[in-house]
Amino acid sequence: MEAESQPSGCCGSRKMTWRWLQRQVLDHFLELGLVVATVVALVWPRPGTDLSQHKVGSFSIAQTVNICTYFAASGLSVDTRDITSAITAYRSIAYGLIAILVITPTLGFGIVMLPFEPMDFAAGLAIFVAMPTTLCSGVAMVGKARGNAALALLLTIGSTLAGVATVPFLINLITVHGHNVHIDTLPLLLKLLSTILLPLFVAMVLRELPVLQSLVKAQTQMVNLLANANMTLLVWQMLSRSRDQIVEPGRCMDVGIIIVAAVGVHIIYLVWNITAATAARLPFQEKKAVVLMASQKTLPVALAVVLFMKEDTWDQGLLSVPCILAHMVQVLIDLVIVARWASMADGPTVLESVVTSDGYVSEHGPVKGEIKVVDNPLAAKETPRDNGDQGSYGIVTVVDNGEPADSPEPHRSLQANSMSSEESFMSARTVFSNGTTHPAKETPRSEPS
């Protein structure tokens, strides 16, 4: 018996490892894509260069399609229904938007003066810090850190809508201060409105259509992959065109300095925002959202700005290098913070509910299901059952008169209540109260509580 169980255990372990790898690739698809795009662009730049040269007027066809597709896909993936729950967080909203749009961009006036050679590196990093907050990754991180995801989404949408209008003027002030180079703000503003705000807004409106809403929900992963794949293609084309300038002798030292500068910038943001949020005595969940969102900057909007900078003054590939490196730096640093916040609880908070399964009856009456939602999966010692969930927050046990039921698998109505994502976990917090047990109804046709 032991010999027979070993292969099964090995297969189960390999299956869990494979699922974990899949999840990591999907969660960090953009970062992995940026690495691949950089390597391909530097090793074989010809295809990316040729593709980016096809233009209509001042618009590169392929790169403009990449930008519009990214923001359209991002708009489809944004569910604005939960935002209303965060509207009452006035102090957090006010500070978050001011920090994102006013306070953190001021660092660009100092960055643009750094003695980088070429000056495109300093200008690129200054452009990055002038951006609004991240579109998708920040909200996901706040959810994983058990922060207020609705507030994070509100800050994302609010800062993006306002930032598109303010960024051109802010960048002009920064470049004039550092290099005495003026930017045509009105043409840049119109291009950003047409390639960022228009597809984003139209997609968000279309998402409210019932048919499209259900389709997007069923294909959320594919929509996210579509968005990140287009951003990867955009980076590939930009770096391919500037390959010769990027690989010049001495560039490795420049890249190292950019990374150090990006680390310093992000640490300054984190320290400032943590101090301000603590001084304002924001609730801890709101504090997590504000600190993460006000400390991060969006790479896609930065690359859209870079795409529309005048090529006779700036090298788009060199401008994009600091943006890409700064994005990677902020992701790596914030992942450590998110993991720390997610594991801060002393132990797992278990929310329990005993429900009646619809249509699944034992000889003694309805089968009862015990659903445990673990608030702190890193501290939990229980291993979730393989009930089809992707996550590790739900532990489902089917019991019959206090004993495990004969059925090896939980009934589908019980599986539906297991928590496998941040969204389902947060919704469970509003349904189940801590340590509360809801008795099963007498009829076997009752719905889960």
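Where a number appears in this text, it was derived from the coordinates with a stated rule and is not lab data. Computed from a predicted structure; not experimentally measured. Virtual Cβ from ideal backbone geometry, glycine too; neighbours counted across all protein chains shown.
Each of ILE333, ILE246, ILE67, ILE98 has some number of other Cβ atoms within 10 Å of its Cβ, and from fewest to most they run ILE98, ILE333, ILE246, ILE67. Using the count of nearby Cβ atoms within 10 Å as a rough guide to exposure, how do MET113, MET328, MET309 rank from fewest to most? Ranking MET113, MET328, MET309 by Cβ neighbours within 10 Å, fewest first, gives MET113, MET328, MET309. The alpha carbons of segment 153-309 give a radius of gyration and a Dmax of 18.9, 56 Å, in that order. The stretch between LEU209 and ALA94, if pulled fully straight at 0.36 nm per residue, gains 38.3 nm over its current Cα-Cα span. With contacts taken as Cα pairs under 8 Å at a separation of at least 6 residues, segment 25-342 carries a relative contact order of 34 percent.
Charged neighbours of ALA294, selected by a Cβ distance under 14 Å, balance to +2 (K, R count +1; D, E count -1). Label 7 Å along Cα→Cβ of ALA140; segment 225-255 residues with amide nitrogen under 15 Å? Hits in segment 225-255 for ALA140 at 15 Å: 225-232.
Relative to a virtual label point 7 Å from the Cα of GLN245 in the Cα→beta-carbon direction, which members of segment 117-154 show backbone nitrogen distances below 19 Å? Residues 117-129 fall inside that zone.
Once R0 is set to 41 Å, what does the formula 1/(1 + (r/R0)^6) return for the Cβ-Cβ distance between MET253 and VAL102, expressed as a FRET efficiency to the nearest 0.05?
Details: r = 34 Å, r/R0 = 0.82.
Computed FRET efficiency for MET253 and VAL102: 0.75.
Which of ILE337, PRO47, ALA145 sits closest to the plus end of the dipole of segment 25-342, meaning its Cα is farthest towards the positive end, when Lys and Arg get +1 and Asp and Glu get -1 on the C-beta? About the Cα centre, the residue reaching furthest to the positive side is ALA145. Couplings 3J(HN,Hα) of segment 66-78, computed from phi: 4, 5, 4, 5, 4, 6, 5, 5, 5, x, 5, 7, 8 Hz, in residue order, whole Hz [Karplus 6.51 cos²θ - 1.76 cosθ + 1.60, θ = phi - 60°; x for Gly and Pro]. Averaged over residues, the count of other Cβ atoms within 10 Å places the peptides 116-128, 211-223, 163-175 in the sequence 116-128, 163-175, 211-223, highest first.
What whole-number volume per residue, in cubic angstrom, does the convex hull of the C-alpha atoms of segment 165-240 give?
Numbers: hull volume 8.8 nm³, N = 76.
Cα-based convex hull of segment 165-240, divided per residue, equals 116 Å³.
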